[in-house]
Amino acid sequence: MKLNFGQEVLVLPASVLSHLDAATPEQLRVLLWLASDLSLISKHKQLAKLAGCDVASARGAVDFWCACGLVGESGEASVPAMSTAVAEAPVKKKLQRADELPNYTSTELAELLEARAGVRILIDEAQQILGKMFNPNDVNIMVGMLDYLGMNEECILLLLAHCKKIGKSNLRAIEKYAYAMVDKGINDAETMEEEICRVEAMHTFEGEVRALFGMKSRALTSKESKMLASWLSFGYDINIVRMAYEITVNATGEASVAYANAILEKWNANGWKTASEIEAGMTAEREKREGTVNKKELGNSFDTDDFFEAALQRGFRERSRSEE
């Protein structure tokens with residue numbers, strides 16, 4: 001007597017035998033389907049349909065086999081591998097888009113919340129952060145962010161608090177924001193917190209720059225946005241930018257962001273990071289010019305400050321023409 005393997009073979013770890021008595025028929029069917037395709041580990045609706053059970057039971061079965069040590073938390077099969085194909089090429093989780101995410105029914109969501117205490121806690125805390133009761137569509141989005149975008153609970157709550165702070169309370173808009181974060185490799189609490197600090201610093205800084213340059217409510221151009229981001233990267237706060245602004249207005253008679261950018265880039269290139277360093281550097285440059293320029297040749301109508309401003313304007317005009 002022999003087994004007829006046909007054209008395809010499923011390979012299971014021998015340790016499965018020690019869990020047969022504890023496993024339900026549904027859990028065994030889920031295991032067999034996982035052995036055939038481990039990418040199903042993150043596709044609970046599809047897995048449930050194949051295994052002939054509901055979504056909550058499919059998720060519970062995955063958790064059961066993870067607890068048994070047969071499937072890793074990240075979706076890899078434990079050694080020995082459940083199938084040679086998976087062992088040779090571990091399944092890489094693919095980022096799903098909104099129109100590809102599963103659309104749970106109200107019944108399925110209720111079963112899922114009943115089976116997963118962690119999701120219930122996440123939903124409760126998320127509702128408190130956003131200050132509203134979630135409908136089934138909102139819960140569906142939350143589950144998608146957790147299971148399909150790969151964000152953990154702490155990461156999601158940080159994102160929600162940030163979105164609430166900047167005036168985003170619609171979960172569909174938050175979901176799109178979450179996609180952008182994951183696309184940048186941000187899906188854990190540590191990287192999310194770093195990104196939020198960067199974004200919020202830029203948001204505050206932009207408001208201060210807008211007020212200083214009288215931009216009112218118009219959107220920044222992409223070029224202006226890059227300039228502001230570079231100023232922050234230089235380590236300059238609004239006080240340093242104000243120094244460049246005052247020089248700009250005195251030299252040109254207008255609040256030019258591009259002109260101020262030329263000044264700030266020069267200061268950064270010179271290694272001047274603080275107000276005292278900038279003042280000392282400018283004083284040193286002025287004294288150097290005064291030592292090399294013959295004041296009698298310049299005459300009373302053109303002092304050293306005029307000379308400095310003229311040189312800066314000339315350099316700015318040349319730079320602007322080269323960028324056009």
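The amide H of Val71, built 1.01 Å from its N in the peptide plane, has Cys66, Ser78 as neighbours under 5 Å, considering only residues 5 or more places off or on other chains.
Using a/c under 1.5 as the rounded threshold, could you call region 143-229 rounded, prolate or oblate? The axes a ≥ b ≥ c are square roots of the C-alpha gyration tensor eigenvalues, and prolate needs a/b larger than b/c, oblate otherwise. Because a/c hits 1.5 or more and a/b exceeds b/c, region 143-229 counts as prolate. Total lysine pairs in region 172-282 at Cα distances under 21 Å, for residues eight or more apart or on different chains: 6.
Heavy-atom accessible area, probed at 1.4 angstrom with all protein chains present, ranks Leu28, Leu17 as Leu17, Leu28, highest first. Rounded to the nearest whole Hz, the Karplus-based 3J(HN,Hα) values (6.51 cos²θ - 1.76 cosθ + 1.60, θ = phi - 60°) of region 52-60 follow the sequence x, 9, 7, 5, 4, 5, 4, 4, x, with x at glycine and proline. Of the residues Ser233, Ser39, Ser225, the one with the largest accessible area comes first in the ranking Ser233, Ser225, Ser39, computed with a 1.4 Å probe on protein heavy atoms. Phi angles across region 223-240 convert, under the Karplus curve 6.51 cos²θ - 1.76 cosθ + 1.60 with θ = phi - 60°, into 3J(HN,Hα) values of 5, 5, 4, 5, 4, 5, 5, 5, 4, 5, 5, 6, x, 8, 9, 5, 5, 5 Hz, Gly and Pro given as x. The GluC sites (Glu not before Pro) of region 230-270 that DSSP puts in a loop, and whose beta carbon has at most 10 other beta carbons within 10 Å, are Glu254.
The values are calculated or read from the model by the stated rules, or taken from the named source; none is laboratory data. Since this is a predicted model, take the numbers as computed values, not measurements. No Cβ is skipped: glycine too gets one built from the backbone with ideal geometry, and neighbour counts run over all protein chains shown. The area values use the complete protein model at the heavy-atom level, side chains included, leaving out ligands, DNA and RNA. Shrake-Rupley method; radii C 1.70, N 1.55, O 1.52, S 1.80 Å.
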